[in-house]
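To start, the structure under review is shown below, and the notes come after it.
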């Protein structure tokens, strides 16, 4: 078993019961659903792993639900990306870093998008800065990994189905091992 996979497995198993901040699904369940959606869409391996691990930052901080209840954004996107960039190439970490900005981008550029967000996602949208302004839209879309982050974000929105059967983490092990830094 690779060191990186073992670290991810430990994070997932020790925090398996972690609530997903106002959503009707557990956080690990949500992440597995997101990885499954990326794989079902035929996404490249790096994007499947990014989708699977996009919310790992929530699992790396203490009391994420308490912070959210207090209206505090702990920047799980940045925390997760920093953790991942030490273990994976930028193709994996950058979509994770940008998936919150991708939500803000989609709200700004797609008038129907906001109505499709869950109640919890709308609440966190405003904690995370709300819609982007025009300069921020241009800056976001020009960033490396932005297009991939939009895909992750769209799968993220769909990966909130309570009790939906998912793959087990071990079913992503080969991809994780192939992409992880040695």
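The values are calculated or read from the model by the stated rules, or taken from the named source; none is laboratory data. The model shown is predicted, which means the values in this text are computed figures rather than measured ones. Positions of Cβ are generated from backbone atoms using ideal geometry, with glycine treated the same way; all protein chains shown enter the neighbour counts.
Scan the helices (runs of 4 or more DSSP H) fully inside the range 32-71 and keep the ones with 3 or more residues being crowded, with 24+ Cβ neighbours inside 10 Å and at pLDDT 90 or above.
By residue number, 45-53.
Going through the range 126-140 one residue at a time, which ones are at pLDDT 95 or above and under 18 Å from the mean Cα position of the chain (by Cα)?
Within the range 126-140, 130, 140 meet the criteria.
Let's see how each residue does on (1) free of Cβ contacts under 8 Å to residues at least 40 places away in the same chain; (2) under 18 Å from residue 29 (Cα atoms); (3) touching a helix residue (DSSP H, G or I) at 6+ places or on another chain (Cβ under 6 Å):
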position: 98; (1), (2), (3): no, no, yes
position: 107; (1), (2), (3): yes, no, yes
position: 122; (1), (2), (3): yes, no, no
position: 131; (1), (2), (3): yes, no, yes
position: 149; (1), (2), (3): no, no, yes
position: 161; (1), (2), (3): no, yes, no
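Could you tell me whether residue 5 is crowded, with 17+ Cβ neighbours inside 10 Å, at pLDDT 95 or above and more than 13 Å from residue 96 (Cβ to Cβ)?
The answer is yes for residue 5.
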